[in-house]
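Each remark here refers to the structure printed beneath this line.
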Number of protein chains: 2
Amino acid sequence: MSHPHPDLPVPPALAPDTLRIIPLGGLGEVGRNMTVFEHSGRLLIVDCGVLFPEDHQPGVDLILPDFDYIRDRLDDIEAILLTHGHEDHIGAVPFLLREKADIPIVGSRLTLALIEAKLKEHRIESYQLEVKEGQTERFGPFEVEFLAVNHSIPDGLAMAITTSAGVVLHTGDFKMDQLPLDGRLTDLNGFARLGDAGVDLFLVDSTNAEVPGFTPHERDISAVLDRTFSAAPRRIIVASFASHVHRVQQVLDVAAAHKRKVAFVGRSMVRNMGIARDLGYLRVPPKTLIDLKSIGDIPPEQVVLMSTGSQGEPMAALSRIANRDHPAISVEDGDVVILASSLIPGNENAVSRVINGLTRAGATVVHKGNAKVHTSGHASAGELLYAYNLVKPANVMPIHGEARHLQANAAIAVSSGVPQKQVVLAEDGVVVDLAEGVARIVGSVPCGYVYVDGSNVGGVAEASLKDRRILGEEGFISVVVVVDSVTGKVTGGPEIHARGFAEDDSVFDGIRPELVKAVEQAAEGGNADTYQLQQTIRRTIGRWVGGRLRRRPMIIPVVVES
Amino acid sequence: MSHPHPDLPVPPALAPDTLRIIPLGGLGEVGRNMTVFEHSGRLLIVDCGVLFPEDHQPGVDLILPDFDYIRDRLDDIEAILLTHGHEDHIGAVPFLLREKADIPIVGSRLTLALIEAKLKEHRIESYQLEVKEGQTERFGPFEVEFLAVNHSIPDGLAMAITTSAGVVLHTGDFKMDQLPLDGRLTDLNGFARLGDAGVDLFLVDSTNAEVPGFTPHERDISAVLDRTFSAAPRRIIVASFASHVHRVQQVLDVAAAHKRKVAFVGRSMVRNMGIARDLGYLRVPPKTLIDLKSIGDIPPEQVVLMSTGSQGEPMAALSRIANRDHPAISVEDGDVVILASSLIPGNENAVSRVINGLTRAGATVVHKGNAKVHTSGHASAGELLYAYNLVKPANVMPIHGEARHLQANAAIAVSSGVPQKQVVLAEDGVVVDLAEGVARIVGSVPCGYVYVDGSNVGGVAEASLKDRRILGEEGFISVVVVVDSVTGKVTGGPEIHARGFAEDDSVFDGIRPELVKAVEQAAEGGNADTYQLQQTIRRTIGRWVGGRLRRRPMIIPVVVES
């Protein structure tokens, strides 16, 4: 997977008055969003996020975009522009700044505050430029206008990037909630103005392109929360993403209306809401917020816990509460737990385990399956049509999504009247050039998964992951023999150690004499090297385990010569 | 997990005129359904199914009910009654018959044909009694009336079990489709007649109790298939469960109407549809069915492939087609793939990978997320209310579902007027006695997960699964040293082998001298035993790997004395 498009040629040298677009992440997957724009030898980066691993990538902490394409050209980078503060858009910035710390970071106030918290953990001092909607800045050959967009975190920005090759509008992640909680609408007037002047290429968030209709208003959730709070006889626990300031705002407001106190639970919830409050994005009603430590002093029917763990993460507060091993919080009959969040694909079983644990403990669990306690942060198909009709782009390139989402978004663009051949379906590593009003694929660059794995960044290959998958499914068996290098006799072992399939090593007693015989036969005459003896062991034990136990563990033969 | 309810007492000796109900699977999980009924020293078993492992049970093939409670009493078993032919109801029968082959198996015609195919694979000859709806049979102290129920496989049965303790009605898996494809309605007249006469305990399928309203008609899918077939310019692939005879029937009928030929793809699809056709459950329109081998002779726009693999199973036909490594079938621009199936929780990522692969290859993928191409086999909340109002049970025990589903079903029973205290919420291993019109929990029996793992049935403990999880996340490192038992000197090694985290063993070069030093220091004086030397190695390498690589692999120290 180091080069996903070997069929495409190496892109030609960049022509004058041409804008090159190189997506290094987020096209063909949901996460690690990163797009590089290149013009007259200079680079501009929009977003630099992480992807969270799936179950076929065991033990991996994070997945980064592949920086290979820009690694030799770090001095050419004008800036990293950040559309908003979610991990899949900012999480890889510290890893890029490790390679060159003085690349300027540009973003809105909340976005910069959130990335600053991350950079501190990595002990990186960075150069930052705070921007606002309506503002225009020049970065080398790139002139960038920032526009407000509405999303599931405040202060999101779209970006109109103008060069001598034309105007590109990049939506970032966005939706078009027409009754936004903070009154900050997606700037459709700006979209219309740019559209009237002529947008040459429109890069559009595809995440919800498969969803028909319109994403429900964020504030519709308040009514459901209000009803649930009214009916709750005892304590209420609400779980959501730790960055969803608007969702937390609604919980605070409804709690205050019901004269309940709110405590934040979970490290990232406490930290992010601290930042949001300090910067004025979160307005805490008077006397509503309390410290988790003091909830014991308040009757349960006056308490709301605002918690992380909505995805069933095993170490998060909510899972520990469901497993009855949280040090401070236990759930009892009559408690109500609200999962006010989406369910990220792959987390279904983990979340179901949490719901079952809470149910067994006596709680009523309210979730998006049985109540409208969540709405998405992304524009659905109906909204995307509005966007295409307002912007009237010459060319379209769907971004942010798996192949199915990009394709669905392309179909929406075509249905709005964009000619099929002017819709560019590209995935990570595919290079698109915009020149003279036409966008087209001109080649591809290597673009692999870069795994963060303990202290190792980028060193873990697919081979190690394959080993982990085998080890995790089948376990392993190691066989150690000491062979006298002169006589070829086995003088120690076989020591057999197995993990993951045999409860008791005594099961191997029967195979030891056979192993000794096989090794000594192979060593006879003294012309077998260590590798050959290892192969003998591998074959002998592999056949036996396969036949007798019907398993195919990883086999590690060790031959020590004495 | 060998005893999920240690807080409950050992149940008392069974009193006369009392019916004891012991659920050994399916209560607290979706799968491995099995309930034991006990009366005057005799046992009757309803269903004996398997559960499929989740991702925290790596490498496990199947999970069986725990037969411990009945193992010493196999001679007391009157019969195994099977409600229908799905794996989660019949899959464990061969494993029980391995312990005693002559326990009679009782079921409808299709159910027996499906279990017979499984028993043949296990080389078991069994005693079978075929029954039909409307029939009543006596098994020792148990009189059982069989009633028709509608489900996602034909020929399902509910069972009314009468003993001197009263009447128990067990729904099996069921829904109440009022326009069933085969005209075979769930026998609500029978439910009503039993209800009027008095049902003492009602055991009710909980799978869809959280779903409001009514499960859509199976035949509503035909119209969607018809529209999709009309619009499809080229080949059509439909994937569904290999046992869903009615779904396949609809595909055959729609294909015939569009003058397309159908080929079955996948071993279980071919086998099950052969059985269903032979027994008259599947009616193949004339000249519609062709062999997969001959699809090359027919224009793509006249072909339908009816395939397995709707859950993204990596080895099934559909996944291989999506990965472009199927030997006979490739997908091209204009092909349409219909996933006419549910999405079992936990399979989302696998199915999404299949959808993305097919999309990249040019296919349009129709699935339950974007069209009504699937309906469930289980009664939703609205149907359950009808059932409760018809049966008017004295006591209710929700069965078949996770804790959340059982709880939701209990709430429906209560809302229909069953007093809360007469609704028994029990999970696997919880023992319920019915006597004098009252059902209540009287204790519990050990009831664990029994893993089938290669040739090993029941021998794999949680410890092995924990080892696999660690191996799969972190990998392992083995260190072999040969120590001279007299001098305490290291005479061979350290041989270091790591898998799953270090791409290159040379990373360990630096630690070898330290290991030798640590072992020789510990061995000095000759009073360190092998275990102590192993601990020395474990500590030394563990600290180094943790500090240097930030990983915590499984460590296997091997000390060979020479």
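The values are calculated or read from the model by the stated rules, or taken from the named source; none is laboratory data. Quantities reported herein were computed from a predicted structural model and do not represent experimental measurements. Neighbour counts run over all protein chains shown; Cβ positions are idealised from the backbone, glycine included. With ligands, DNA and RNA removed, areas are computed over all heavy atoms of the protein, side chains included. Shrake-Rupley method; radii C 1.70, N 1.55, O 1.52, S 1.80 Å.
Label points 7 Å out from Cα along the Cβ direction at B:D297 and A:R512: separation in nm?
6.3 nm
Give the lysines whose C-alpha is closer than 26 Å to that of A:K517, dropping any in the same chain fewer than 8 places away, or say none.
In chain and number order, the partners are A:K489.
Within straight cross-link reach of A:K392, meaning Cα distance under 29 Å, which lysines are found once same-chain residues fewer than 8 apart are removed?
A:K132, A:K175, A:K421
Determine the total buried accessible area between chain A and chain B, counting protein heavy atoms only with a 1.4 Å probe; round to the nearest 100 Å².
The summed interface area works out to 5000 Å².
Restrict the search to segment A:421-487; then list the GluC sites (Glu not before Pro) that DSSP places in a loop and that have at most 16 other Cβ atoms within 10 Å of their Cβ.
Passing both the DSSP loop test and the Cβ count: A:E436.
Using θ = phi - 60° and the Karplus relation 6.51 cos²θ - 1.76 cosθ + 1.60, list the HN-Hα couplings for segment A:7-12 in order, rounded to whole Hz, with x at every Gly or Pro.
For segment A:7-12, the Karplus curve yields 6, 8, x, 5, x, x Hz.
Percent antiparallel among DSSP beta bridges with both residues in the protein assembly as shown, to the nearest 5?
Roughly 55 percent of the DSSP beta bridges within the protein assembly as shown come out antiparallel.
How many angstrom lie between the C-alpha centres of segment A:397-447 and segment A:333-347?
Using only Cα atoms, the two centres lie 36 Å from each other.
Give me the percent of DSSP beta bridges within chain B that run antiparallel, rounded to the nearest 5.
Within chain B, antiparallel bridges account for around 55 percent of the total.
Going by a 1.4 Å probe on protein heavy atoms, which residues of segment B:321-355 end up with at least 50 Å² less accessible surface in the whole assembly than in their chain alone?
With the partner chains in place, segment B:321-355 has these residues losing at least 50 Å²: B:E348, B:N349, B:R353.
Quick one: label points 7 angstrom along Cα→Cβ at B:I298, distances to the other copies in nm, smallest first?
Output for B:I298: 6.8 nm, nearest copy listed first.
If you bin the C-alpha pair distances of chain A every 10 Å from 0, what whole percents do you get?
3, 16, 22, 20, 15, 12, 8, 3, 0
In nm to one decimal, list the spacings between the A:E121 label point and its equivalents in the other copies, with label points set 7 Å along Cα to Cβ, shortest first.
Going from nearest to farthest copy, the values are 4.6 nm.
B:L43's amide H: which non-local residues (gap 5+, or another chain) put their own amide H closer than 5 Å, with H modeled 1.01 Å from N in plane and none for Pro or chain starts?
Distant-sequence amide H within range of B:L43: B:I77, B:E78.
When Rg is the radius of gyration of the Cα atoms in segment A:462-561 and Rh is its Kirkwood radius, what does Rg/Rh come to?
A ratio of 0.99.
Which of the trypsin sites (Lys or Arg not before Pro) found in segment B:95-153 are in a DSSP loop and have at most 10 neighbouring Cβ atoms, other than their own, within 10 Å?
Sites meeting the loop and neighbour criteria: B:R123.
Which net charge results when you count Lys and Arg as +1 and Asp and Glu as -1 among the other residues whose beta-carbon is under 14 Å from that of B:K372? Intermediate values should be presented prior to the final figure.
On the way: positive: B:R219, B:R227, B:R247, B:K368; negative: B:E218, B:D220, B:D226.
After counting each charged neighbour, the total is +1.
Per residue of B:59-70, what is the mean number of Cβ atoms on other protein chains within 10 angstrom of that residue's Cβ?
Per-residue shielding by partner chains comes out at 1.
When you have a sec, figure out the Kirkwood radius of segment B:183-324 from all distinct Cα pair distances and drop it here in Å to one decimal?
Numbers: mean 1/r = 0.0573 Å⁻¹.
Value: 17.4 Å, from the Cα pair sum.
Counting only protein heavy atoms and a 1.4 Å probe, tell me what percentage of segment A:462-561's accessible area is made up of carbon and sulfur.
Values: 2120 of 4640 Å².
Here carbon and sulfur together make up 46 percent of the probe-accessible area.
Would you mind calculating the relative contact order of segment B:462-561 from Cα pairs under 8 angstrom and at least 6 residues apart, reporting the percent as a whole number?
Details: 141 pairs, mean separation 36.8, N = 100.
RCO, segment B:462-561: 37 percent.
For the protein assembly as shown, what is the accessible area per residue in Å², given a 1.4 Å probe and the full set of protein chains?
Per residue, the protein assembly as shown has an accessible area of 39 Å².
What does the charge count around A:G280 come to, taking other residues whose C-beta lies under 13 Å from its C-beta (Lys +1, Arg +1, Asp -1, Glu -1)?
+1
Just to check I understand the Karplus step: with θ = phi - 60° and J = 6.51 cos²θ - 1.76 cosθ + 1.60, what whole-Hz values come out for segment B:129-137, glycine and proline as x?
With coefficients 6.51, -1.76 and 1.60, one gets 10, 7, 10, 10, 4, x, 7, 10, 10 Hz.
Restricting to segment A:462-561, compute how many DSSP beta bridges are antiparallel as a %, nearest 5. Numbers along the way, then the final one.
Numbers: 7 of 15 bridges.
In segment A:462-561, DSSP labels about 45 percent of beta bridges as antiparallel.
Report relative contact order for segment B:392-463 in percent, whole number only (criteria: Cα-Cα under 8 Å, sequence separation at least 6).
23 percent
Find the relative contact order for segment A:1-69 and round it to a whole percent, using C-alpha pairs within less than 8 Å whose residues are 6+ positions apart.
It comes to 23 percent, rounded to a whole number.
Once the principal axes of the Cα atoms of segment A:102-225 are found, what is the range along each, listed largest first in whole angstroms?
For segment A:102-225, the Cα extents along the three principal axes come out at 46, 41, 26 Å.
Report, largest value first, the span of the C-alpha coordinates of the protein assembly as shown along each principal axis, in whole Å.
Result for the protein assembly as shown: principal-axis Cα extents of 90, 81, 78 Å.
How many nanometers, to one decimal and shortest first, lie between the label point of A:V486 and those of its other copies, if labels sit 7 Å from Cα toward Cβ?
When each copy's label point is compared with this one, the spacings are 1.4 nm.
Please give me the summed charge of the neighbours of A:N356: other residues whose Cβ is under 14 Å from its Cβ, Lys and Arg +1, Asp and Glu -1.
Overall, the nearby charge balance is -3.
Count, for each residue of B:451-461, the Cβ atoms from other chains sitting within 10 Å of its Cβ, then give me the mean as a whole number.
4
Point me to the residue of chain A whose C-beta lies closest to the A-onto-B rotation axis, rounding the distance to whole angstrom.
Rotation axis A onto B, closest Cβ, rounded to whole Å: A:G472, 1.
Amide H neighbours of A:V483 under 5 Å, at least 5 residues apart or on other chains, H built in the peptide plane: list them.
A:T491, A:V560, A:E561, A:S562
Can you find, among B:V303, B:A197, B:V144, the residue sitting farthest towards the positive end of the charge dipole of chain B, where Lys and Arg contribute +1 and Asp and Glu -1 at Cβ?
Comparing the listed Cα positions along the dipole, B:V303 ranks first.
For segment A:130-198 and segment B:1-75, what is the separation of their C-alpha centers, rounded to whole Å?
About 61 Å separates the Cα centre of segment A:130-198 from the one of segment B:1-75.
Partner chain Cβ atoms within 10 Å, averaged over the residues of A:404-410 - can you pull that number for me?
Numbers: counts 11, 2, 3, 8, 2, 0, 0.
The shielding value for this peptide is 4.
Give me the dipole magnitude in Debye, nearest 20, for segment A:462-561 about the Cα centre, with unit charges on the beta carbon: positive for Lys and Arg, negative for Asp and Glu.
That gives a dipole near 440 debye.
Tell me the mean residue ellipticity at 222 nm calculated for chain B from its helices only (DSSP H runs of n ≥ 4, each -39500 (n - 2.57), averaged over every residue, nearest 500).
Calculated mean residue ellipticity at 222 nm is -8500 deg cm²/dmol.
Note down the nm distance, to one decimal, between modelled labels 7 Å out along Cα→Cβ at A:H217 and at A:R193.
2.6 nm
If you keep only loop residues by DSSP, which trypsin sites (Lys or Arg not before Pro) in segment B:249-358 have at most 15 other Cβ atoms within 10 Å of their Cβ? Mind showing how you got there, number by number?
Numbers: sites: B:K259, B:R260, B:K261, B:R267, B:R271, B:R277, B:R283, B:K287, B:K293, B:R320, B:R324, B:R353; in loops: B:K259, B:R260, B:R283, B:K287, B:R324.
Listed in order of number, the matching sites are B:K259, B:R283, B:K287, B:R324.
Ordering B:I124, A:I70 by how much accessible area each has at a 1.4 Å probe, largest first, what is the list?
The most accessible residue leads, giving B:I124, A:I70.
Starting from 0.36 nm per residue, how many nanometres of slack lie between A:K259 and A:M315 once their C-alpha separation is accounted for? Don't skip to the end; give the middle numbers.
Details: separation 56, 0.36 × 56 = 20.16 nm, distance 3.07 nm.
Here the segment from A:K259 to A:M315 would lengthen by 17.1 nm.
A:E78: accessible area at probe 1.4 Å, nearest 10 Å²?
Result for A:E78: roughly 40 Å² accessible.
In the full protein assembly as shown, how much of A:D220 is accessible to a 1.4 Å probe, in Å² to the nearest 10?
The value for A:D220 is about 80 Å².
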